[in-house]
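Asker: Before we start, here is the structure in question, set down as structure tokens.
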Amino acid sequence: MKHQAVVGCHFLLNGNSVGLGCKSKNWMNAMKLCSDIAPDKPVSVIKNWIWMNIKMDELNLIKKPEYLIWSADVIWDYQESTSVRSQLFTRLHKNYIFEAEDAFYVLVGSGRLQDMQIPF
């Protein structure tokens, strides 16, 4: 999948820091792009975000990687929340728009890639 290569490349080059986010001054343009892609899907704009790679234990292997985004540094949110956590990842647009099942998340600046182990 295309998104795996992008995230993997940044992870290998930057360790836990992932420089996928757009520049601070470009987030309004990114919101417009989200509206062009899916006009009825809500948008949140976040910085200091964490891209979580959900890892299952060996007894419950999944066929594709699962990702979430989380941030307590919200620039703009459709629900006026002070922190956000996405539903599961569906695709990445322009390397800085994380589309999840529930909304778009515009990533601003650098964030972190973190594994999250889910035991069963």
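Since every read-out is calculated from the coordinates, none of them should be taken as a lab result. Keep in mind that this is a model prediction, so the values were computed, not measured. Using ideal geometry, Cβ is built from the backbone for each residue, glycine included, and neighbour counts are taken over all protein chains shown.
Asker: Compute the distribution of all C-alpha to C-alpha distances in the range 69-120, in bins of 5 Å from 0, and list the percent of pairs in each, rounded to whole numbers.
Answerer: 4, 17, 28, 28, 14, 6, 2, 0
Asker: Moving on. Along Cα→Cβ, 7 Å out, is where each label goes; now give me the distance between the ones at residue 112 and residue 82 in nm to one decimal.
Answerer: Label-label distance for residue 112 and residue 82, simple model: 2.0 nm.
Asker: Report the paramagnetic label zone for residue 29: residues of the range 81-120 whose backbone N is under 15 Å from a point 7 Å from Cα along the Cα-to-Cβ axis.
Answerer: 94-97, 107-109
Asker: Sticking with this structure for a sec: Go ahead and run the numbers for FRET between residue 75 and residue 54, Cβ-Cβ distance against an R0 of 25 Å, rounding to 0.05.
Answerer: Values: r = 25 Å, r/R0 = 1.00.
So the FRET efficiency works out to roughly 0.50.
Asker: Each residue of the range 76-85 in order: what ³J(HN,Hα) in whole Hz does its phi give by Karplus 6.51 cos²θ - 1.76 cosθ + 1.60, θ = phi - 60°, with x for Gly and Pro?
Answerer: 8, 9, 5, 9, 6, 7, 8, 9, 9, 9
Asker: Given the peptides 28-35, 48-55, arrange them by the average over their residues of other C-beta atoms within 10 Å, most packed first.
Answerer: Values: 28-35: 15.4, 48-55: 18.6.
So the order, starting with the most tightly packed, is 48-55, 28-35.
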